[in-house]
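Visitor: The structure that follows is given in the form of structure tokens.
None of the figures in this text is laboratory data; all of them are computed from the coordinates on show. What you are looking at is a predicted structure, and each value in this text was computed from that prediction instead of being measured. Cβ coordinates were reconstructed from backbone atoms using ideal geometry, including for glycine residues, and neighbour counts include every protein chain displayed.
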Amino acid sequence: MESPLKGSAAPPGSPSPAPASPSPAPAAPARAVSVLHRILAYRRFWILALVIFGLDQLTKQWIDARLPLGSYGPGARIEIFPSFLYFVHVGNTGAAWSMFSGNSLGLAVLAFGTLAALFFWRRHLGLRQTTAQIPFGLLCGGIVGNLVDRLIHGHVIDFIDVHFGNYVYPTFNVADSAICIGVFWYILWSLKQPAYGEAAGS
């Protein structure tokens, strides 16, 4: 009896072979591209935050290497502009203007909470807009700079001492300056934005 020829049709009633299922495309590269795209969307924020953080930490290391902690007043400070600007080295366990002094740990927790809130509400705050990334870069770079101080030293290093005649402005640092500028910048920016109803065309 002759064997069936190769390539001949299958006998009637026999099940047809199941079509080969296409192999799924690898998802990992697509995910990596998506994450990179989201990071690049905030690139101005990241760049400015890193610049502020680096400048803040470098200036604090510089003053720490030149003046012992507690250096303040005539004979212990570095004079930059007589009767106006001096560099000192003091520790602040509180917030701006030494408010809540002695609560460095609580303020560190508050800083963590602020950074987390900014991350989760970044879209509602308009952080995707490049003009909003500048004040937030200043703000977050300053927050992280002072936070690192609290975690490492137990206090924030302040060194910029400004005098206006008999008035002595509270000693501050680069991070404090960036935070203040960032907050005011964002307030001014947000006031110029259209209201939600106007933006939606209602």
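Visitor: With r defined as the distance between the Cβ atoms of His37 and Trp189 and R0 fixed at 35 Å, what FRET efficiency is calculated, to the nearest 0.05?
Guide: Between His37 and Trp189 the formula returns 0.90.
Visitor: HN-Hα J couplings of segment 64-75 from phi, Karplus 6.51/-1.76/1.60, θ = phi - 60°, integer Hz, Gly and Pro as x?
Guide: Taking θ as phi minus 60°, the curve returns 5, 7, 10, 10, x, 4, x, 6, 7, x, x, x Hz for segment 64-75.
Visitor: Distance from a point 7 Å along Cα→Cβ of Leu110 to each backbone N in segment 129-164: keep the residues under 18 Å and list them by number.
Guide: From segment 129-164, the list is 139-152, 154-158.
Visitor: Restrict the search to segment 50-151; then list the trypsin sites (Lys or Arg not before Pro) that DSSP places in a loop and that have at most 15 other Cβ atoms within 10 Å of their Cβ.
Guide: Numbers: sites: Lys60, Arg66, Arg77, Arg122, Arg123, Arg128, Arg150; in loops: Arg77, Arg122, Arg123, Arg128.
Passing both the DSSP loop test and the Cβ count: Arg123, Arg128.
Visitor: Taking the Cα centroid of segment 43-100 and of segment 115-149, what is the distance between the two, rounded to the nearest whole Å?
Guide: Centre-to-centre distance over Cα atoms comes out at 22 Å.
Visitor: For segment 42-200, give the magnitude of the charge dipole about the Cα centre (Cβ charges: +1 Lys/Arg, -1 Asp/Glu; no others), in debye to the nearest 20.
Guide: Numbers: 10 positive and 8 negative charges, 114 e Å.
Approximately 540 debye in magnitude.
Visitor: Principal axes first, then extents: for the Cα atoms of segment 42-200, list largest minus smallest coordinate on each axis, whole Å, largest first.
Guide: 62, 33, 28
Visitor: Ok, one more. Using the charge dipole of segment 42-200 (Lys, Arg: +1 at Cβ; Asp, Glu: -1 at Cβ; taken about the Cα centre), state which of Phe184, Ile78, Val168 has its Cα farthest towards the positive end.
Guide: Sorting the options by dipole projection puts first Phe184.
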